[in-house]
């Protein structure tokens, strides 16, 4: 069977159908598998991740029915994020170029002391181009990527619409994240 290009539009149609049928973890895992297919598609990479595009965060799709979003991060400089969550949403990270190292954390305190948290790392791994990983709602993780890394995300909804938490491992504090405005 010939290898047909897989477009952002096809991915979004498939995602909408999948999440209508199963918005839970199993549906999100199916979206993650489809996302890997998109990340490997020249039709997507050439249009949304090309080296000549301005290095910034792009919102390339917001679903009018279900609210999920597809974002592309064209990064210029290396960055290591603090541990953070995605608040009330799940997210899928997918690598396009270079790599991203990710560390997952588990909260070990009971969460009753406002502004405080104690985290322990549970897993570290690297996403290479074409690979994706689901982060369920409430998952805490940190990312570390080199100069010129390009990754994309699918989020269950607009992450700027609600609060998300950022964790400082040295001080044990929790603060609210500021929105990442995408164009």
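The values are calculated or read from the model by the stated rules, or taken from the named source; none is laboratory data. A quick note: this is a predicted structure, and the numbers were derived from the prediction, not measured. For neighbour counting, all protein chains shown are included, and Cβ atoms are generated from backbone atoms with ideal geometry for every residue, glycine included.
Numbers at a glance
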| quantity | calculated |
| --- | --- |
| The range 117-143 - residue that is assigned to a strand (DSSP E or B) and more than 13 Å from the chain's Cα centre (by Cα) and, of those, surrounded by the most Cβ atoms within 10 Å (Cβ to Cβ) | 119 |
| Filtered residue count, the range 43-95, keeping only those that are surrounded by fewer than 19 Cβ atoms within 10 Å (Cβ to Cβ), in contact with a helix residue (DSSP H, G or I) (Cβ under 9 Å, 6 or more places away or on another chain), on the phi < 0 side of the Ramachandran plot and touching a residue at least 40 places away in the same chain (Cβ under 8 Å) | 7 |
| Elements of type helices (runs of 4 or more DSSP H) contained in the range 1-116, each with 3 or more residues being over 22 Å from residue 148 (Cβ atoms) and in contact with a strand residue (DSSP E or B) (Cβ under 8 Å, 6 or more places away or on another chain) | 8-21, 25-39 |
| From 178, 103, residue being free of Cβ contacts under 8 Å to residues at least 12 places away in the same chain and either in contact with a helix residue (DSSP H, G or I) (Cβ under 7 Å, 6 or more places away or on another chain) or closer than 30 Å to residue 48 by Cα (or both) | 178 |
| Unmet requirement for residue 163, which otherwise passes all of (1) closer than 23 Å to residue 58 by Cα; (2) in a strand (DSSP E or B) | (2) |
| Test result for residue 156, in contact with a helix residue (DSSP H, G or I) (Cβ under 6 Å, 6 or more places away or on another chain), under 28 Å from residue 27 (Cβ atoms), surrounded by 14 or more Cβ atoms within 10 Å (Cβ to Cβ) and modelled with pLDDT of 95 or more | no |
